[in-house]
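The values are calculated or read from the model by the stated rules, or taken from the named source; none is laboratory data. All values reported here derive from a predicted model rather than from experimental measurement. Every residue, glycine as well, gets a Cβ built from its backbone with ideal geometry; the counts of neighbours run over all protein chains shown.
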Amino acid sequence: MFISLYKYQKTVYNISAMINRDQITNLRKLFIENYQAGQSKESTTKPSEESIEKIPGQIRGLQQKIISARNETFKTAAPETAPRTRSIAVTSGKGGAGKTNFVANLAIAFSKMGKKVLVLDADLGLANIDVIYGLRPKFNLFHVITGQKKLSEIIIHGPAGVMLAPGGSGIVELANINEGERKHFLAEMGEFENKVDIILVDTSAGINKNVLCFLKACSEIIFITLPEPPAIADAYGIIKAASAGESEQKQKLYLVINRVSGAVEAQDVYDRLSLVTRRFLNIEIENMGYILEDKVVPSAVKAQSPYILVSPNSGAANCLQNIAQKMLNIDVDKAYGGTAVDKLKTGFKSFFYRIGELFN
């Protein structure tokens, strides 16, 4: 090691007689970088103070600066500090389970807890979150894909600062766009890359290709069901369909039971459903909570105002806030393995990229 160090120091000394001071500085840096690159993997760790002290003069000072800059780079580029967007799909096995109303209110709960939330209305046939919010969107994702509008121009702001991206028929067009249009669309998505904490995707009810594509594109899925045998059977069907086949990412699956009489009934539904998913599908689904049957919910829908704002102290609103808090308490690093690759799969642009790939 010291012989090699002596050789490149001597080389720097000999060449320095023929070049100016700036060139000497650059050349010294180049030799040091080449020397370090030739070392073993252990050389990427912080050198000991003793080894630094054995490097004489200006080269020692330069070595210390390089080490300091490298450590600062590692610090800023560490995966643990990189912002990441959570993509959460909400689906149900049948219509009438309260899925859309749940999404609209959950988004507000997240927002009131300090999170920046984007709701993607992916119910392509009956997109109606805007109705619950009392909004009238003029544009949707179709206008972004075709280049007529920027993403920021179609986003409309709902209650509590929630952002809504109207889906309409726009997302289906991802199946037919060329590579150039795809890159343009992904570039538009990048505008919100570090500006959104959570993407909430409201899918259609039932099982079809569109629903399954959205589910597989998200890193987390919430299944909504009712405490009724047909609804529970349908919930099992959508869980089975969503978990079928191989997925490129590890997904977290949750269950929420809507319109229950109390905690006992909700726990009974969860126990029955989780038992069959473990036995026949070999998958675990986490109990994320329940929402009580509450007359304020239909009243709020008629008034086109979310019940979490109309009656924040109601039973249904309290249940929803508990679910939101439980979701935010999830250790995302542990949930997705915490590796750099896993983290890349949960970003904003990667979510839309997966949608495009799945629709193709």
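What to note about this one:
- Yes/no for residue 174 being in a helix (DSSP H, G or I), modelled with pLDDT under 90 and surrounded by 14 or more Cβ atoms within 10 Å (Cβ to Cβ): yes
- Subset of region 88-100 (residues that are surrounded by fewer than 24 Cβ atoms within 10 Å (Cβ to Cβ) and within 22 Å of the chain's Cα centre (by Cα)): 88
- Of the residues making up region 207-236, just one is charged (D, E, K, R), surrounded by 19 or more Cβ atoms within 10 Å (Cβ to Cβ) and outside any helix (DSSP H, G or I), namely 220.
- Residue 250 being farther than 26 Å from residue 328 by Cβ, touching a residue at least 12 places away in the same chain (Cβ under 8 Å) and assigned by TED's automatic domain parsing to the domain that holds residue 100: no
- Residue count, region 262-318 (criterion: touching an Asp or Glu at 6+ places or on another chain (Cβ under 6 Å) and of a type outside the set (Ser, Thr, Tyr)): 2
- Every residue from region 237-262 that is assigned to a helix (DSSP H, G or I) and surrounded by fewer than 20 Cβ atoms within 10 Å (Cβ to Cβ): 237, 240, 241, 243
- Cβ-Cβ contacts under 9 Å between residues 6 or more apart (or on different chains), taken from a first residue in region 263-278 that is closer than 16 Å to residue 319 by Cα to a second residue that is among the aliphatic types (A, V, I, L, M) and loosely packed, with under 13 Cβ neighbours inside 10 Å, are absent.
- Of all residues in region 279-298, those satisfying the criterion of being aliphatic (A, V, I, L, M) and touching a residue at least 24 places away in the same chain (Cβ under 8 Å) are 281, 283, 285, 288, 291, 292, 297.
- Residue in region 264-282 that is closer than 15 Å to residue 92 by Cα, part of a strand (DSSP E or B) and not acidic (Asp, Glu) present: no
- Residue 301 being under 18 Å from residue 106 (Cβ atoms), assigned by TED's automatic domain parsing to the domain that holds residue 92 and touching a residue at least 12 places away in the same chain (Cβ under 8 Å): yes
- Failed item, numbered, when residue 288 is tested on (1) at pLDDT below 95; (2) crowded, with 16+ Cβ neighbours inside 10 Å: (1)
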